[in-house]
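The values are calculated or read from the model by the stated rules, or taken from the named source; none is laboratory data. Every value quoted in this text rests on a predicted model; they were computed, and no experiment measured them. As a convention, Cβ positions derive from the backbone with ideal geometry for all residues, glycine included, and neighbour counts pool all protein chains shown.
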Amino acid sequence: MARVLIIGAGGVGNVVIKKCAQNSEVFTDILVASRRVASCDKIVAEIQSTARITTAQVDADNVPETVALIRKFRPDLLINVALPYQDLNLMDACLETGVHYLDTANYEPRDVAHFEYSWQWAYQERFRKAGLMALLGCGFDPGVTNVFTAWMRKHRFDRVDTLDIIDCNAGSHGQHFATNFNPEINIREITQNGRYWQNGAWVETKPLEIHRGVDYPEVGVRESYLLFHEELESLVKHFPEIQRARFWMTFGQQYITHLTVLQNVGMTRIDPIDFQGQQIIPLEFLKALLPEPSSLGANYTGKTCIGVQLKGEKDGKPATDFVYNVCEHAACWTEVQAQAVSYTTGVPAMIGAALMLTGVWQGTGVFNMEQLDPDPFMAMLNRWGLPWQELAGVELVP
Ligand code: NDP
């Protein structure tokens, strides 16, 4: 029924490709393209599906090259699971060829560790005029967390006052130090200042300055650190009634110790340095040494628990609700040879794409997930491997 071009064949790409192949009623023709075609071929060799799946090499930083690939394959939708650096180039390529667009992470320039939606929101008019839809941030967080928020706002609240997104990876991959998604993007996110929304303004904190123990369902108490995360920006825009919005993520002590040392010796720097007559960026060099996220799955044990707590009012009474998913690393490995962080990102990307391609979610312009009807997405989460649960009246984060 639909043709999809998936760009990126790393940890998340592996899951998106395999879940699209499972849903071959919708995704009948799949082209997988990445910087190295070997990464695509390796994944595709593991798939048995009635979908027609082919692979190609593409440099998504190169717009004319991507446009040529799109013109040859003629997809209905492009799923971008390469890196945030490629977002704008891929949106340009979609506009030039008349193709809908979906990604899981917002644009970041390479030379500044800064991410915000303004660059992609600036495409609003161009997508609208072209009659195309761009769906931004369709992973777990951002992505499912935006949908959980929209669903609770629709069904459980008349007014929302506070939002807390809590993200726990209580798994163990057995490595001294590794990141669960692209190391460069992950370390840039964690080492920058924290930020949360309070009474109409951003409050800035030092990196990992604010933390507290949170008692996660099925996992237990884990130290959780306040970070800035991109969905906060779109959620406070689309739900302006929210007075306070925060994002929390767990890190083990070993992870923080390694990160601190790496930072102290300059290995997380993103400015070029001279090394034996050659310019190198220390963080890019560090990435080359660290395990690839897609390689962590085989021996990963434990679970992730990610959810959204809202507090506000329903029928004139105070209300608190928490909607969450628990995902087990080993089960993800058995199903699609991935760890749970890749899995929880890749499944929502497939679901968002399926909703767009079947016309359940449609529109012209640039959309964040909370702007669309959450109900069909929530139903598909249960069907496609990320069942959600709800705890009403329990306050996990004060
Ligand atoms: P990986 O590093 O494992 O994979 C990235 C892939 O993109 C690789 O296959 C890489 O190719 C390819 N790639 C990089 N640059 C280019 C380029 N110029 N042209 C074509 N292909 C390119 O990262 P992940 O899979 O872990 O993450 C993918 C995306 O998902 C990231 O944007 C990340 O931020 C996002 N993400 C979102 C989450 C969410 O919940 N919303 C959570 C986790 C991740 P090669 O193998 O040749 O290097």
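Out of all the residues in the stretch 259-275, which are exposed (fewer than 15 other Cβ atoms within 10 Å of the Cβ) and either in a helix (DSSP H, G or I) or under 22 Å from the mean Cα position of the chain (by Cα) (or both)?
Within the stretch 259-275, 260, 261, 264 meet the criteria.
Residue-by-condition table, conditions (1) out of contact with any Ser or Thr (no Cβ under 9 Å at 6 or more places or on another chain); (2) farther than 25 Å from residue 327 by Cβ:
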| position | (1), (2) |
| --- | --- |
| 202 | yes, yes |
| 207 | no, yes |
| 214 | no, no |
| 218 | yes, no |
| 224 | no, no |
| 234 | yes, no |
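Please work out which one of (1) closer than 18 Å to residue 81 by Cβ; (2) away from the ligand (no atom under 16 Å from the Cβ) is the condition residue 95 fails and give its number.
(1)
Can you find a residue that is within 16 Å of the ligand (Cβ to nearest atom), more than 17 Å from residue 257 (Cα to Cα) and out of contact with any Cys (no Cβ under 6 Å at 6 or more places or on another chain) anywhere in the stretch 185-195?
So in the stretch 185-195, the residues within 16 Å of the ligand (Cβ to nearest atom) come out as 185-192.
Retained after the next criterion (residues that are more than 17 Å from residue 257 (Cα to Cα)): 185.
Restricting the remaining residues to those that are out of contact with any Cys (no Cβ under 6 Å at 6 or more places or on another chain) gives 185.
Yes; the residues of the stretch 185-195 include at least one that is within 16 Å of the ligand (Cβ to nearest atom), more than 17 Å from residue 257 (Cα to Cα) and out of contact with any Cys (no Cβ under 6 Å at 6 or more places or on another chain).
Quickly run through the stretch 109-135 and pick out the residues that are touching a residue at least 60 places away in the same chain (Cβ under 8 Å) and among the small types (Gly, Ala, Ser).
113, 130, 131, 134
I'm trying to understand the selection: among the residues of the stretch 316-373, which are within 17 Å of residue 136 (Cβ to Cβ), of a type in the set (Gly, Ala, Ser) and surrounded by fewer than 24 Cβ atoms within 10 Å (Cβ to Cβ)?
Listed by number, the residues that qualify are 363, 365.
Collect the residues in the stretch 18-56 that are within 16 Å of the ligand (Cβ to nearest atom), touching a residue at least 60 places away in the same chain (Cβ under 8 Å) and among the hydrophobic types (A, V, I, L, M, F, W, C), keeping them in residue-number order.
20
Go through the stretch 238-257 residue by residue and tally those that are surrounded by fewer than 15 Cβ atoms within 10 Å (Cβ to Cβ) and in contact (Cβ under 8 Å) with a residue 40 or more places away in the chain.
Of the residues in the stretch 238-257, the ones surrounded by fewer than 15 Cβ atoms within 10 Å (Cβ to Cβ) are 240-241, 252-254, 257.
From what is left, the residues that are in contact (Cβ under 8 Å) with a residue 40 or more places away in the chain are 241, 254.
Going through the stretch 238-257 one residue at a time, the tally reaches 2.
Of the residues that sit in the stretch 76-97 and are in a loop (DSSP other than H, G, I, E, B) and either touching a Gly at 6+ places or on another chain (Cβ under 8 Å) or among the aromatic types (Phe, Trp, Tyr) (or both), which one is nearest to residue 272 (Cα to Cα)?
The first filter runs over the stretch 76-97 and keeps only residues in a loop (DSSP other than H, G, I, E, B), leaving 76, 81-83.
Those left that are additionally either touching a Gly at 6+ places or on another chain (Cβ under 8 Å) or among the aromatic types (Phe, Trp, Tyr) (or both): 81-83.
Details: 81: 26, 82: 23, 83: 20 Å.
For the stretch 76-97, the residue satisfying everything is 83.
Take the residues in the stretch 57-73 that are within 24 Å of the chain's Cα centre (by Cα) and either modelled with pLDDT under 95 or more than 8 Å from the ligand (Cβ to nearest atom) (or both), then tell me which one is surrounded by the most Cβ atoms within 10 Å (Cβ to Cβ).
The initial filter retains those residues of the stretch 57-73 that are within 24 Å of the chain's Cα centre (by Cα), namely 57-63, 66, 70.
Applying the additional criterion that residues be either modelled with pLDDT under 95 or more than 8 Å from the ligand (Cβ to nearest atom) (or both) yields 57, 63, 66, 70.
Values: 57: 14, 63: 17, 66: 25, 70: 23.
Of everything passing the filter in the stretch 57-73, 66 is surrounded by the most Cβ atoms within 10 Å (Cβ to Cβ).
Can you tell me which residues in the stretch 276-296 are assigned to a helix (DSSP H, G or I) and within 16 Å of the ligand (Cβ to nearest atom)? Can you show your working first?
Residues of the stretch 276-296 assigned to a helix (DSSP H, G or I): 282-289, 293-295.
Correct list: 283, 284, 285, 286, 287, 288, 289, 293, 294, 295.
Determine which single condition residue 81 fails, assuming it passes every other condition in (1) of a type in the set (Val, Ile, Thr); (2) within 15 Å of the ligand (Cβ to nearest atom); (3) farther than 27 Å from residue 121 by Cα.
Result: residue 81 passes all but (3).
Please indicate, with yes or no, whether at least one residue in the stretch 122-139 is crowded, with 21+ Cβ neighbours inside 10 Å, among the small types (Gly, Ala, Ser), away from the ligand (no atom under 12 Å from the Cβ) and over 30 Å from residue 326 (Cβ atoms).
Yes - at least one qualifying residue is present in the stretch 122-139.
Considering each residue of the stretch 334-363, count those that are within 13 Å of residue 304 (Cβ to Cβ), in a helix (DSSP H, G or I) and not small (Gly, Ala, Ser), and give that number.
Number of matching residues: 5.
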